[in-house]
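First comes the structure, then the notes that go with it.
The values are calculated or read from the model by the stated rules, or taken from the named source; none is laboratory data. Computed from a predicted structure; not experimentally measured. So basically every Cβ, Gly included, is an ideal-geometry build from the backbone, and we count neighbours across all protein chains shown. Please note that ligands, DNA and RNA were not included when accessible areas were found on the heavy atoms of the full protein model with its side chains. Shrake-Rupley method; radii C 1.70, N 1.55, O 1.52, S 1.80 Å.
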Protein chains: 2
Amino acid sequence: MSKKQKSKSRPVSFADAARSALAASADFELGAIDPSSTPGYTGDKASGARDLVAVGRELGELQERLFAASRAGAPQKVLLILQAMDTAGKGGIVRHVIGAVDPQGVKLHAFKAPTAAEAKRDFLWRINKQLPGPGFIGVFDRSHYEDVLIHKVRGLSPAEEIERRYGAINDFEAQLADKDTTVIKVMLHISKDEQRARLAERLEREDKHWKFNPADIDEREVWADYMDAYETAIRRTHMPDAPWFVVPADRKWYARLAVATLLAEALKAIDPQWPAADFDVAEQKRRLAAS
Amino acid sequence: MSKKQKSKSRPVSFADAARSALAASADFELGAIDPSSTPGYTGDKASGARDLVAVGRELGELQERLFAASRAGAPQKVLLILQAMDTAGKGGIVRHVIGAVDPQGVKLHAFKAPTAAEAKRDFLWRINKQLPGPGFIGVFDRSHYEDVLIHKVRGLSPAEEIERRYGAINDFEAQLADKDTTVIKVMLHISKDEQRARLAERLEREDKHWKFNPADIDEREVWADYMDAYETAIRRTHMPDAPWFVVPADRKWYARLAVATLLAEALKAIDPQWPAADFDVAEQKRRLAAS
């Protein structure tokens, strides 16, 4: 019995620790974060998998409550923004964390390279069109941060424009927060060595070849530039109402548990309530019985 | 061991039986189908739950393969259309069947009453905008069939217009099939008594009040008209490339297993293949090792 209690209490304690263990800051250093570490969590892979099931169930219940509250007019919604180098595990987060939530309560969008029509507009134009409505958990697989990451590393936009965008992003996300959106920004932080191992697996397995792109190796040549761009972007856009969390991602089980926990904590902070009936329950019971 | 083998072979045999056991026809009679029956399936609730887990896993794998094939140019996609009276379990299908598939491979849309802008256009206009792209499983929670169901029962459109729509739907769905869409249309068939019991539960539980709408009871008064409208719509639009399946839904576990199985069979018929590498694997391994 004491063993059971222990395992039950584990997600709660990580729940308390996760935000502060993972939050970035205006002067954080990406190089100081070990991609194979498990900040705030004392369990191992096996307990992490068990805890993920428990947090997933919690997430599902909280999201249903968020959705129910929205039907009665509550405006709250959540937006999870996922950014990472290739193979860091965005897909696994969507599958194993977001997959625990009722699909009816999720609005997922994967941003690819902009189309010609999108490229003509301001970089936030296409982002605006994918925002979640009340009651939803929105998930961005990549986002407007590409416009200050790959654009910076590859020189796709002038330096002044990149500079302008940090401010534009802060203004944009402040508006989201004003409109009852809880914004959670996650960088999955993988090491260059772990990426090599994951790319090697894609090359080994014929059922993974479709996920491999030779350009992924070109990106490795400018790895340090990407890390610099991430560090700068996170420092410049880490805001109280739109915080960044840097999640070590060399251990997939940890990254999944961490993101699930951050999401669940965000929903608990909203504390959505089941709406009260806007009809006379006794009267409807009589009508139903007679029908 | 023989017991294990038996339980493993069960989904396979239902897989073989499901389509023919559930398919409608141009002269089928809805009244002849018992909503509490389990056509084609010999197991019980417990085995049904186990089999759903197995079919769900299969569905997830098949969808990943469909998605992978689409990245290499394969045009195939699947569209599942769900229609039913309230409380019949559309939401449960989405949660428990579609929830087994990677959210990245699903395009779900719930059609509500048309907006003013939508109502001005042809009834298929808003449908067209929600079709799944290559590699996706599209799911319609309600659909263009509302325009020949509630519109007929409640007289929201003239009889001639309803009549025109059956043909327009057949033309539209034939075009979908031409464009490599496997269309599966499901009516979840619940009994009026079972609906009363489910509505009563919504009235009993405070966490279910938000799902109850007094108008649901008004709809019960024209139950027979709805059954007639369903029967006519299904007869008139049951086509070889866009078949209807009438799934008895008084037992939730059966309806979920049946829809999961119909979907899995559709994907197996497509038989999507992992794409071959479009790069030199050995060369990329060398590049990766050096990176």
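A few points about this structure:
- Scanning segment A:46-63 for residues that are away from every other protein chain (no Cβ under 12 Å) and either in contact with a Leu (Cβ under 7 Å, 6 or more places away or on another chain) or hydrophobic (A, V, I, L, M, F, W, C) (or both) yields A:Ala46, A:Gly48, A:Ala49, A:Asp51, A:Leu52, A:Val53, A:Ala54, A:Val55, A:Leu59, A:Leu62.
- Among residues of segment A:31-76, those that are free of Cβ contacts under 8 Å to residues at least 12 places away in the same chain and touching a strand residue (DSSP E or B) at 6+ places or on another chain (Cβ under 7 Å), counted: 0
- Residue within segment B:110-122 that is assigned to a helix (DSSP H, G or I) and within 27 Å of B:Thr261 (Cα to Cα) present: no
- Check on B:Leu176, closer than 22 Å to B:Pro248 by Cβ, away from every other protein chain (no Cβ under 14 Å) and at pLDDT 95 or above: no
- Flag if A:Glu221 is of a type in the set (D, E, K, R) and under 18 Å from A:Asp193 (Cβ atoms): yes
- Of the set (1) modelled with pLDDT of 95 or more; (2) within 9 Å of chain B (Cβ to nearest Cβ), all apply to A:Arg198 but (2).
- Against the test of being small (Gly, Ala, Ser), more than 25 Å from A:Lys268 (Cα to Cα) and open to solvent by 30 Å² or more (accessible area, probe 1.4 Å), the options A:Ala168, A:Ala174, A:Ala197 yield a single qualifying residue, A:Ala197.
- The set of residues in segment A:244-288 being facing chain B (nearest Cβ under 9 Å), in a helix (DSSP H, G or I) and touching a helix residue (DSSP H, G or I) at 6+ places or on another chain (Cβ under 8 Å) consists of A:Val281, A:Gln284, A:Lys285, A:Arg287, A:Leu288.
- Members of segment A:64-119 found to be open to solvent by 30 Å² or more (accessible area, probe 1.4 Å) and away from chain B (no Cβ under 13 Å), listed by number: A:Pro75, A:Gln76, A:Ala113, A:Pro114, A:Thr115, A:Ala116, A:Ala117, A:Glu118, A:Ala119
- Single residue of segment A:202-220 satisfying the filter (assigned to a helix (DSSP H, G or I), open to solvent by 30 Å² or more (accessible area, probe 1.4 Å) and more than 7 Å from chain B (Cβ to nearest Cβ)) that is nearest to B:Leu66 (Cα to Cα): A:Lys211
- Filter result for A:Ser157 (open to solvent by less than 30 Å² (accessible area, probe 1.4 Å), over 17 Å from the mean Cα position of the chain (by Cα) and more than 14 Å from chain B (Cβ to nearest Cβ)): yes
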